[in-house]
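Asker: Dropping the structure in here first, questions after.
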């Protein structure tokens with residue numbers, strides 16, 4: 001296993017989460033001002049493909065998209081696989097699986 005995998009993965013998750021958090025804040029701000037909005041697919045994809053922590057924090061901090069079940073579902077499911085991936089890699093690396 002590449003010794004830098006976990007560091008690169010953690011940096012990826014951090015950057016994606018930061019972007020997701022900013023996007024949720026920007027979309028909430030735009031919603032209040034009745035401006036062009038960030039598409040829901042963009043918010044969901046950032047949460048699912050690496051930014052679940054930031055997306056969930058953004059939902060709570062900005063009180064945005066919290067009433068839509070599919071935002072909770074995709075972000076929580078994204079968080080689960082984002083945690084499971086490095087765990088599975090470590091288990092494989094140590095010969096447990």
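The values are calculated or read from the model by the stated rules, or taken from the named source; none is laboratory data. Note that the coordinates shown come from a computational prediction; the quantities given were computed from them, not determined experimentally. With ideal geometry, Cβ positions are generated from the backbone for all residues, glycine too; neighbour counts draw on all protein chains shown.
Asker: Output the number of residues of the stretch 1-25 satisfying the condition of being more than 11 Å from the chain's Cα centre (by Cα) and within 27 Å of residue 89 (Cα to Cα).
Answerer: The qualifying residues number 11.
Asker: Do you know which of the residues in the stretch 26-43 that are assigned to a helix (DSSP H, G or I) and more than 14 Å from the chain's Cα centre (by Cα) is surrounded by the most Cβ atoms within 10 Å (Cβ to Cβ)? First the steps, then the outcome.
Answerer: Going through the stretch 26-43, the residues assigned to a helix (DSSP H, G or I) turn out to be 26-32, 40-43.
Filter once more, keeping what is more than 14 Å from the chain's Cα centre (by Cα): 26-32.
Details: 26: 16, 27: 21, 28: 19, 29: 12, 30: 13, 31: 14, 32: 10.
Among those residues, the one meeting the criterion is 27.
Asker: If a residue must be in a helix (DSSP H, G or I), touching a helix residue (DSSP H, G or I) at 6+ places or on another chain (Cβ under 9 Å) and surrounded by fewer than 15 Cβ atoms within 10 Å (Cβ to Cβ), how many such residues does the stretch 44-71 contain?
Answerer: 2
Asker: Please specify each residue of the stretch 74-91 satisfying the condition of being in contact with a helix residue (DSSP H, G or I) (Cβ under 8 Å, 6 or more places away or on another chain) and at pLDDT 90 or above.
Answerer: Once the filter is applied, which keeps residues that are in contact with a helix residue (DSSP H, G or I) (Cβ under 8 Å, 6 or more places away or on another chain) and at pLDDT 90 or above, the stretch 74-91 yields 74, 75, 76, 77, 78, 79, 82, 85, 86.
Asker: If you don't mind, there's one more thing I want to ask. From 52, 41, grab the single residue that is without any contact (Cβ under 8 Å) to a residue 60 or more places away in the chain and closer than 16 Å to residue 82 by Cα.
Answerer: Details: 41 fails: closer than 16 Å to residue 82 by Cα.
Exactly one residue qualifies, and that residue is 52.
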